[in-house]
1. Go through segment 269-285 and report how many residues are modelled with pLDDT of 90 or more and in contact with a helix residue (DSSP H, G or I) (Cβ under 6 Å, 6 or more places away or on another chain).
2. Hey, any hits in segment 295-303 for a residue that's more than 30 Å from PRO230 (Cβ to Cβ), modelled with pLDDT of 80 or more and not basic (Lys, Arg)?
3. In this structure, does MET264 turn out to be closer than 16 Å to GLY221 by Cβ, at pLDDT 95 or above and hydrophobic (A, V, I, L, M, F, W, C)?
4. Just to be sure I understand, how many residues within segment 267-285 are under 35 Å from the mean Cα position of the chain (by Cα), closer than 24 Å to ARG213 by Cβ and among the small types (Gly, Ala, Ser)?
5. Among the residues of segment 232-247, are any without any contact (Cβ under 8 Å) to a residue 60 or more places away in the chain and over 38 Å from the mean Cα position of the chain (by Cα)?
Amino acid sequence: MLDSMLPWLHRIEFQWAWLWLVLPLPLAARLLPPPRLAHRQSVHVPNLPNLLPDAQPAARTPGRGKIRAIVFGASWFCLVLAAARPQLTMPPSYQEVSVRDLVLVLDVSASMATEDMRDGQGESVSRLSAMQEAVRSFIRARDEDNIGLIVFGSQAYPFAPLSRDHQVLMARIDELAPAMAGPQTSIGDALGSTIKMLQGMAPSSVPGTQQERMVVLLTDGRDTSSTLPPETALRLAKDEHMTLHTIAMGGTNEDIDLDLLKKMAAQTGGTFHAATQGTASLQGIYDTIDRLTPRNVTRLGWSYRLPLYPYPLAAALFGLFILLLSLTGRRGGHG
């Protein structure tokens, strides 16, 4: 039993341990010499018992004074114990915290309106509609990640900040439309905007960990309007330790710069994928990326201190109450 209690005893600490110095005060008070009483005149009557036969000395219960001293000592100890503010450090309770920042970089150029994709019922849908459906499913599977959104056409724009508020992100996905950022394609600028978004994030809140940075870039065309060359953007992404997963969607090899997308994935440790067979194909690609990058979380512990002073304080007040009743009864008996 003692072995099981030792770990808990080691967790007890005193907030005001210096108050233990007042513990010997009652003992010190007893060791002080009694006060000198002034002599008063008195009449000595040696035969008083004979004159008052009913007068008897007050009866004393053997050991009552010793019991009072023990109760007072225990009450004083509990009072000092409570004043020292004992507290129990509770074991940490752990919670899982994401250590991955994920940015979705989506092409919304004019060509995304092309209806060359097939949905689950075999109906023809636009590239943008197929992308929206696949991205929604991907987001639902990444509930622990901080996810942001960059959209690009002729220009690139941050469309949703990095956050675990995926409801807002879903609403932004619903607002996507072809050519909303211009009709052309700016892959280099999109990657540059992604780097700025990730650089603006605060350092990891988990001690001893570095936030992983992952990017999933989807496009159906070649870079035609970037002010930041894609090669330069790729070099900056590597310096920021970003992992790029690239997806080529629809079109032909002449429409999409496959070499650039493959190079971006290979040089950052990511993967390259091509979606040309409809919505199911694109959905499968996002599912593959989800399996390749499982939930990346760490366990973060929070402990707290549980105050223990109410228990010795209650014991001290109870002991003093008993002493008060005892002294009151004694005085009443003498009356």
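1. Of the residues in that region, 3 qualify.
2. Filtering segment 295-303 down to residues more than 30 Å from PRO230 (Cβ to Cβ) leaves 295, 297-303.
After this cut, where a residue has to be modelled with pLDDT of 80 or more as well, the list is none.
Taking every residue of segment 295-303 in turn, none turns out to be more than 30 Å from PRO230 (Cβ to Cβ), modelled with pLDDT of 80 or more and not basic (Lys, Arg).
3. Working: closer than 16 Å to GLY221 by Cβ: yes; at pLDDT 95 or above: yes; hydrophobic (A, V, I, L, M, F, W, C): yes.
Yes: the conditions hold for MET264.
4. Count: 2.
5. Looking only at segment 232-247, we keep the residues that are without any contact (Cβ under 8 Å) to a residue 60 or more places away in the chain, and these are 232-247.
With the extra rule that they be over 38 Å from the mean Cα position of the chain (by Cα), the set shrinks to none.
Within segment 232-247 (the criterion being without any contact (Cβ under 8 Å) to a residue 60 or more places away in the chain and over 38 Å from the mean Cα position of the chain (by Cα)), the answer is no, since none of the residues qualifies.
Okay, residues lined up against (1) at pLDDT below 90; (2) in a strand (DSSP E or B); (3) touching a Cys at 6+ places or on another chain (Cβ under 6 Å):
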| position | (1), (2), (3) |
| --- | --- |
| ASP143 | yes, no, no |
| ILE147 | no, yes, no |
| SER193 | no, no, no |
| ALA202 | yes, no, no |
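The values are calculated or read from the model by the stated rules, or taken from the named source; none is laboratory data. Just so it is clear, the structure is predicted and the values come from calculations on it, not from any experiment. Here the Cβ is made from the backbone with ideal geometry for all residues, glycine too, and neighbour counts use every protein chain on show.
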